[in-house]
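Following: one structure in structure tokens, then a few remarks.
The values are calculated or read from the model by the stated rules, or taken from the named source; none is laboratory data. On a predicted model such as this, the values are computed, not experimentally measured, just so you know. Virtual Cβ from ideal backbone geometry, glycine too; neighbours counted across all protein chains shown.
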Amino acid sequence: MAEAHAGPAMPFSGARRRFNLPLWIGIFLLGVYVFVAVFGPLLAPYDPNAQDLIGVLEAPSVAHPMGTDQIGRDILARLVVGTRFTMSAALLAVAISSAIGVTLGLVAGYAGGPVDAAITGLVDLLLTIPSLILAIAVASVIGAGMTGLVVATTASFVPRLARLIRGRVLEIREEDFIQAAIASGTRRAKILRRHILPNAMTIVIIETSLLAGQAVLVGAALGFLGLGVQPPAPEWGTMLGAGREFIEVAPHLVVAPGIAISLLVFAFNLFGDGLRDHLDPRQNI
């Protein structure tokens, strides 16, 4: 009787699995943010750019639940509409950096030789620069705005992803099924596309979900420094930067966007940690 061969455990397999509370909390919070980002203009109680010079720096009240800013704009309306700017910049940067970083990691890990040495050398050089410093430098060169924000955040994430994927590819490359594909004459591109990339996708998904939270922080930091989305767009980092001068007389100007940023980063981190536990084969019983 032929012996049954047990294939590798699938990420979502397993008859029993403990309830993953962080994952579901992260999904719920992110769902709320996505809903607000999509329907923000319909949910905002006021025009986010409408000025009321009579009601400047008002404390939170029934009419303005989060108060008004230095030129009388409703902070809640600006936060709601600004969700779209913050999430769009973060997710777009993560998507682009993933495409570039994964490609570089696949090529470097599988090709080896001079190609690997050249890519790894460039990646190691960029990794010596702190992510935020690199993002500030790139944004300063490109210029303030959504484009500069996305490119700067992307540049700060590509080296990390490329290094991570390269290491995973080096492990997968030594597996027996890869050696069998090479021996059978399968082309490199096909091996990368059909064998190596699918087996590296778990680590890509986990890492990008965690990087999304960091992208929010990098975007907020650039906006705070005046290198992100420019006024009057209600991007949260830009709101923090504009409100810092009034923190002593109107702390709600920085507390409100600060809480929004913290909760979004918390949601992405919970989602990433929960996803890592869910995709970890050791969690199967």
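Being surrounded by fewer than 16 Cβ atoms within 10 Å (Cβ to Cβ), of a type outside the set (Ser, Thr, Tyr) and either touching a residue at least 24 places away in the same chain (Cβ under 8 Å) or farther than 24 Å from residue 110 by Cα (or both) is a property that holds for residue 263. When segment 60-76 is limited to residues that are touching a residue at least 60 places away in the same chain (Cβ under 8 Å) and farther than 13 Å from residue 232 by Cα, the one that is surrounded by the most Cβ atoms within 10 Å (Cβ to Cβ) turns out to be 66. Applying the condition of being outside any loop (DSSP other than H, G, I, E, B) and at pLDDT 90 or above to segment 128-139 and asking which residue is nearest to the chain's Cα centre (by Cα) yields 135.
Among residues that are at pLDDT 90 or above, outside any helix (DSSP H, G or I) and not charged (D, E, K, R), residue 220 is not included.
Only one entry in 79, 57 is within 23 Å of residue 150 (Cβ to Cβ) and touching a residue at least 60 places away in the same chain (Cβ under 8 Å), namely 79. Scan segment 236-276 residue by residue and report those that are over 23 Å from residue 27 (Cα atoms) and within 18 Å of the chain's Cα centre (by Cα). Within segment 236-276, just 237 meets the criteria.
So that you can scan it fast, the table gives a plain yes or no per residue for (1) in contact with a Gly (Cβ under 9 Å, 6 or more places away or on another chain); (2) more than 24 Å from residue 36 (Cα to Cα); (3) surrounded by 14 or more Cβ atoms within 10 Å (Cβ to Cβ):
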| residue | (1), (2), (3) |
| --- | --- |
| 233 | yes, no, yes |
| 236 | yes, no, yes |
| 242 | no, no, yes |
| 247 | no, yes, no |
| 256 | yes, no, yes |
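Here segment 28-51 is the region considered, the condition is being of a type in the set (A, V, I, L, M, F, W, C) and surrounded by 18 or more Cβ atoms within 10 Å (Cβ to Cβ), and the residue that is farthest from residue 74 (Cα to Cα) is 30.
Selection of segment 96-112 for residues being without any contact (Cβ under 8 Å) to a residue 24 or more places away in the chain and under 14 Å from the mean Cα position of the chain (by Cα) yields only 99. For first residues located in segment 171-200 and modelled with pLDDT of 80 or more, partners that are among the charged types (D, E, K, R) and lie 6+ apart or on another chain with Cβ distances below 6 Å form the pairs 200/168. Quick check on segment 143-154. Is at least one of its residues free of Cβ contacts under 8 Å to residues at least 60 places away in the same chain, surrounded by fewer than 18 Cβ atoms within 10 Å (Cβ to Cβ) and of a type outside the set (Asp, Glu)? Checking segment 143-154: at least one residue is free of Cβ contacts under 8 Å to residues at least 60 places away in the same chain, surrounded by fewer than 18 Cβ atoms within 10 Å (Cβ to Cβ) and of a type outside the set (Asp, Glu).
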